[in-house]
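All remarks here apply to the structure that follows.
The values are calculated or read from the model by the stated rules, or taken from the named source; none is laboratory data. For clarity, every value in this text was computed on a predicted model and none was experimentally measured. Positions of Cβ are generated from backbone atoms using ideal geometry, with glycine treated the same way; all protein chains shown enter the neighbour counts. Side chains are part of the model used for accessible areas, which takes the heavy atoms of the whole protein and leaves out ligands, DNA and RNA. Shrake-Rupley method; radii C 1.70, N 1.55, O 1.52, S 1.80 Å.
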Amino acid sequence: MKMSQSQARSDWADEVVDKYADMVYRIAFTQMKNKADADDIFQEVFLKLCKSEAAFETDEHVKAWLITVTINSCRKFYSSVWNKRIEPLTEDFAYEEKYPDFEIVPAVQSLPQKYREVVHLFYFEDMKVAQIAEILKSTAGTVKSQLSRARSLLRGKLEGGDCNV
């Protein structure tokens, strides 16, 4: 029995969701700071994937696309009129399973968005500076600078000091 093209695309999308769901959700949660908004971003990202007609060359291409769409969806949410009129909720997500250094996650979430993005991609997703720069449409120097500033802020937060940007 021959599989239709739409069925093959659906099966491929299911495989992508199985493989990258945790990564997309972690990024969304780190950026959004609460489960409800992270769930919305997660759903939006995979809906865009299903609707997309992009031809992905490799798994790395799919991963980069998902990261880019996740970050852009979070940025879009933050710039929306709706977001400017609500009080954000904060809650912890079960990072303990994947990250034994869970106590750092709230500190990372308290960073400004541009620093949260680079820290999450560099440390939690094990991406190289060049990959991060490409995804964020930035330069490697900017990413390195943001990582350095983020480390400094985190150091201050974790040592109990007050660090402001």
>> Just to confirm my numbers, what's the Cα centroid distance between segment 131-148 and segment 44-61 in Å?
In response: 23 Å
>> For the pair Cys50/Ser79, report the inter-label distance in nm, with labels modelled 7 Å from Cα in the Cβ direction.
In response: 2.7 nm
>> Students often check this: by mean Cβ neighbours within 10 Å, which of 53-61, 27-35 ranks highest, and how do the rest follow?
In response: 27-35, 53-61
> Put a dot 7 Å past each Cα toward the Cβ at Leu158 and Glu134; how far apart are the dots in nm?
Replying inline: 2.9 nm
>> Accessible area of segment 1-72 with a 1.4 Å probe: how many percent of it is carbon plus sulfur?
In response: 51 percent
>> Could you compute the net charge surrounding Phe46? Neighbours are other residues with a C-beta less than 14 Å from the C-beta of Phe46; K and R count +1, D and E count -1.
In response: -2
> What are the chymotrypsin sites (Phe, Trp or Tyr not before Pro) within segment 99-151 that DSSP puts in a loop, where the Cβ has at most 16 other Cβ atoms within 10 Å?
Replying inline: Phe102
>> How charged is the neighbourhood of Trp12? Take every other residue with its Cβ under 12 Å from the Cβ of Trp12, and add Lys/Arg as +1 and Asp/Glu as -1.
In response: -3
> Using the heavy atoms of the protein chains alone and a 1.4 angstrom probe, what is the accessible area of segment 35-78 per residue in square angstrom?
Replying inline: 55 Å²
